[in-house]
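Single-structure report; data block below.
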Amino acid sequence: MPKRPSRIDLLELDIDLRLADLWREAADVQEWNLDVMAAFMRAAYGKGYCDALTEDAPGSLCEDHGYRIPARRRQTPARRAA
């Protein structure tokens, strides 16, 4: 870590701490292949999604690191099957 870490360095560290369990599990994988990699990517995405849903203050990860909190997407009505 640099003496004066950038905000991206600090964000990466914060995310790595949130993913510590996955990092530990990844260290035990003996044979990496596309299926294993895909499983870890899905797990990391799901973990981030769950973390975002359970934050005390929604958007705090972005805000804490100086990033703009993205606007919520407008919901579009579901299409009806013909």
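Please give the contour-minus-distance gain from ALA78 to CYS62: 0.36 nm per residue of separation, less the Cα-Cα distance, rounded to one decimal in nm.
Computed gain between ALA78 and CYS62 is 2.8 nm.
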Exercise. In nm, to one decimal, how far is the modelled label at LYS47 from the one at ARG7, with both set 7 Å along Cα→Cβ?
Worked result: 2.4 nm
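What per residue convex hull volume, in Å³, comes out for the stretch 1-44 when only alpha-carbon positions are used?
Output value, Cα hull per residue: 90 Å³.
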Problem set entry | Neighbour cut-off at most 14 other Cβ (10 Å), DSSP loop, chymotrypsin sites (Phe, Trp or Tyr not before Pro), the stretch 1-69 | TRP32, TYR67
For this session: Could you go through the stretch 3-14 in sequence order and give the Karplus-derived ³J(HN,Hα) for each residue, using 6.51 cos²θ - 1.76 cosθ + 1.60 with θ = phi - 60°, rounded to whole Hz, and x for Gly and Pro?
Result: 4, 10, x, 6, 5, 5, 4, 5, 5, 4, 5, 4
Problem set entry | Projected-area mean, the chain, by convex hull of Cα positions, square nanometres | 9.1 nm²
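Each value in this text was obtained by applying a stated rule to the coordinates, not by laboratory testing. Here the structure is a predicted model, which is why all the values come from computation and not from measurement. Cβ: placed from backbone, ideal geometry, glycine included. Neighbour counts: every protein chain shown.
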